[in-house]
Each structure stands twice: as C-alpha cells, then as structure tokens.
Amino acid sequence: MEFKIKTEERYTVFAVEEENFNSLIAPEVKSELVLLSDKGVKNLIMDLSKVKYVDSSGLSAILTADRLWKKLGSFVLSGAEQPAVKKLIEISRLDSVLTLVPTVSEAIDYVFMEDIERELNDED
C-alpha cells in the first residue's frame, strides 16, 4: 500500500496514494492511524485526492480516524472530490459527521483556526 505521511508542528497529513481505498488496504491504514494517535499527533488531515473509489472498509478506516482524533484534536478529510468517493460519503450520510474540505491547504487553515479557538477557550 502506498501512502505518505508529512508531519508538521500542528498537524500531520496522511495521504492515501492509491486509487482504490478498499478492504485490501484499509487494515494497514487503520494500523498506521493507531500508531500516529499513539505518537500523540494532535491534528490529522487525511488526503484522498488520489483516491477514485472507496468501499465500506475504507469508510471504516476514515471513521476510525474520526473517532481517534475527536479525543486528540481535529480530524479533517480533504480531497474527497472524485464523484464515486463523494457519492458514497453522501449516501452514507458521513458528510454530516465528518469535517470535509476540498484541499489540503484549506484543511491546514481549518486546523489552525480550530487550534486558535481551542486556545482561546482554554483561556476563559
């Protein structure tokens, strides 16, 4: 399975570099996500811009990330713009649960704004 992990101070980008995010790669993705959460990654951006198809196993991996990072900070799904991917997310109604943004750069902006909001709330 091909993926890229880029870690910065405030966030980590996990980019799935496969066209099919399915049962063949979802278990490995879940394992990597657990490792990243165990390392204390505060905010995760999952980039699906190269993914053209997602099945229920791929959705399960996405939901695993969402569950893990609700406790740690922020989880943002970016690049889920391919028609088949977008349609499955909408049909499964995950678009009402997940934070979806079109690009990684917009996801980074979102993470920074969430961090600022958390810091301001902590001061109160």
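The values are calculated or read from the model by the stated rules, or taken from the named source; none is laboratory data. In this text the structure is predicted, and so the values were computed from the model without any measurement. Here Cβ is always computed from backbone atoms with ideal geometry, including for glycine, and neighbour counts include all displayed protein chains.
Here is a list: Asp55, Asp122, Asp109, Asp115. Which entry is at pLDDT 95 or above and more than 26 Å from Glu19 (Cβ to Cβ)?
After ruling out the rest, the residue left standing is Asp109.
So, in the stretch 14-54, of the ones that are hydroxyl-bearing (Ser, Thr, Tyr) and under 13 Å from the mean Cα position of the chain (by Cα), which residue ends up farthest from Glu106 (Cα to Cα)?
In this case the residue turns out to be Ser37.
Report the residue count in the stretch 8-22 for those that are loosely packed, with under 13 Cβ neighbours inside 10 Å and in contact with a helix residue (DSSP H, G or I) (Cβ under 9 Å, 6 or more places away or on another chain).
Residues meeting the conditions: 1.
Within the stretch 9-54, restricting attention to residues that are of a type in the set (Asp, Glu) and in contact (Cβ under 8 Å) with a residue 24 or more places away in the chain, which residue is farthest from Lys71 (Cα to Cα)?
By that ranking, first place goes to Glu19.
When you look at Glu81, is it of a type in the set (Asp, Glu), out of contact with any Leu (no Cβ under 7 Å at 6 or more places or on another chain), without any contact (Cβ under 8 Å) to a residue 24 or more places away in the chain and on the phi < 0 side of the Ramachandran plot, yes or no?
Numbers: of a type in the set (Asp, Glu): yes; out of contact with any Leu (no Cβ under 7 Å at 6 or more places or on another chain): yes; without any contact (Cβ under 8 Å) to a residue 24 or more places away in the chain: no; on the phi < 0 side of the Ramachandran plot: yes.
No: the conditions fail for Glu81.
Any idea which residue in the stretch 79-124 is nearest to Lys4 (Cα to Cα), counting only those that are small (Gly, Ala, Ser) and touching a Phe, Trp or Tyr at 6+ places or on another chain (Cβ under 9 Å)?
Per the criteria, the residue is Ala107.
Let's see how each residue does on (1) out of contact with any Asp or Glu (no Cβ under 6 Å at 6 or more places or on another chain); (2) not in a strand (DSSP E or B):
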| residue | (1), (2) |
| --- | --- |
| Lys6 | yes, no |
| Ala15 | no, no |
| Val34 | yes, yes |
| Gly40 | yes, yes |
| Leu63 | yes, yes |
| Asp66 | yes, yes |
| Lys70 | yes, yes |
| Glu90 | yes, yes |
| Ile108 | yes, yes |
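Please indicate, with yes or no, whether at least one residue in the stretch 55-66 is in contact (Cβ under 8 Å) with a residue 60 or more places away in the chain, surrounded by 12 or more Cβ atoms within 10 Å (Cβ to Cβ) and under 12 Å from the mean Cα position of the chain (by Cα).
no
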